[in-house]
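Worksheet: the structure to be examined is printed underneath.
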Amino acid sequence: KYNKLWLMGERTVHYCMQEYYLDAPKRDRFLWTGDVRLEALANYCMFGDTKLTEFCLEELEKVRFPGGAVPSSYGEGCSILWDYTALYIISYYDYYMFTGNTDFIKKHVNSIFAAADYLISLAGEDGVIDVPKNPLGVWMVELNGYVGKDPYLNKIYLKSLETVLLFSRITNNTQAEDKYLSVYKRTKPAVEKLLENDALY
């Protein structure tokens, strides 16, 4: 029974590993920034391949907005889902933890830092991101209908800060380390406070 489930999952992921990670082989066949992380994790576990993840992250870097945000999907001028930008950063963390490849991190660290700076620009003085009302009411603008300081989305933001803090140390960038450590120290207790109140959901 469990072997059959494993094989079904393995086949599904393999079908989605084409020229880049597809959200689904029979759907829109896009490279979605948020999907890269989940599919890469499954790929590492099942196939141990890293080249496809490297290619996808490098392609997404090419279409990054001037302000640092990464589009929600592969293409210039696509919509921005800020949590996908955070997942873009975290995808590098997962990759590093699986491979230990510091050279790849060093090669792309400026893009990673720029994405983090975009997220930081969205945060308020208390250190967390306040999700605005979705102006269009469609998921391409915001993935859910939550308005306000979403504890779980901010947890993803916090993880992205932990990632850039780690990478600033790996690259011996003391200036970046000081900057991100200051932001992290302000953000961490604020996110933990949000997470204490699960009555929001």
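The values are calculated or read from the model by the stated rules, or taken from the named source; none is laboratory data. Owing to the predicted nature of the structure, the values given are computational and were not obtained by experimental measurement. All Cβ positions, glycine included, derive from the backbone under ideal geometry; neighbour counts span all protein chains shown. Ligands, DNA and RNA are excluded from the accessible area calculation, which covers all protein heavy atoms including side chains. Shrake-Rupley method; radii C 1.70, N 1.55, O 1.52, S 1.80 Å.
Points to keep in mind about this one:
- Of all segments of the chain bounded by trypsin sites (Lys or Arg not before Pro) found in a DSSP loop with no more than 16 other C-beta atoms within 10 Å, the longest spans 30-132.
- Residues whose amide H lies under 5 Å from that of residue 131, counting only those 5 or more places away or on a different chain, are 148, 149, 150; hydrogens are built 1.01 Å from N in the peptide plane.
- Neighbour net charge for residue 104 - beta-carbon separation under 13 angstrom, K R +1, D E -1: -2
- Prolate/oblate/rounded call for segment 1-58, Cα gyration tensor, a/c under 1.5 rounded: oblate
- Cα pair distances of segment 1-110 binned at 10 Å [whole percent]: 14, 46, 31, 8, 1
- Taking Lys and Arg as +1 and Asp and Glu as -1, the other residues whose beta-carbon sits under 15 Å from that of residue 54 total -3.
- Taking a straight Cα-Cα cut-off under 27 Å and skipping sequence neighbours fewer than 8 places away in the same chain, the lysines within cross-link reach of residue 1 are 26.
- More than 30 Å apart - percent of Cα-Cα pairs taken over the chain: 23
- With all protein chains in place and ligands, DNA and RNA left out, the 1.4 Å accessible area ranks 92, 2 as 2, 92, largest first.
- Distant-in-sequence amide contacts of residue 123, defined by a placed amide H-H separation under 5 Å and a gap of 5 or more residues or a different chain, comprise nothing.
- Exposed GluC sites (Glu not before Pro) absent: longest stretch of the chain, with sites in DSSP loops and at most 13 other Cβ within 10 Å deemed exposed: 126-201
- Using θ = phi - 60° and Karplus 6.51 cos²θ - 1.76 cosθ + 1.60, couplings along segment 67-74 (whole Hz; Gly, Pro as x): x, x, 5, 9, x, 5, 9, 6
- Two tests apply to each whole DSSP H helix in the chain, Cα reach of 24 Å or more along its axis and mean Kyte-Doolittle hydropathy of at least 1.6, and none passes both.
- Expressed as a whole percent, the accessible surface of the chain that belongs to carbon and sulfur atoms is 55, based on a 1.4 Å probe.
- Residues whose amide H falls under 5 Å from that of residue 29, counting only those 5 or more places apart or on a different chain, are 23, 24, with hydrogens built in the peptide plane.
- Counted residue by residue at 0.36 nm each, then reduced by the alpha carbon distance between them, the extension gain from residue 15 to residue 155 reaches 47.3 nm.
- Cross-link pairs exceeding 29 Å between alpha carbons, from the set 106/155; 107/155; 51/159; 4/107: 4/107.
- Rolling a 1.4 Å probe across the protein heavy atoms gives the chain an accessible surface of 53 Å² per residue.
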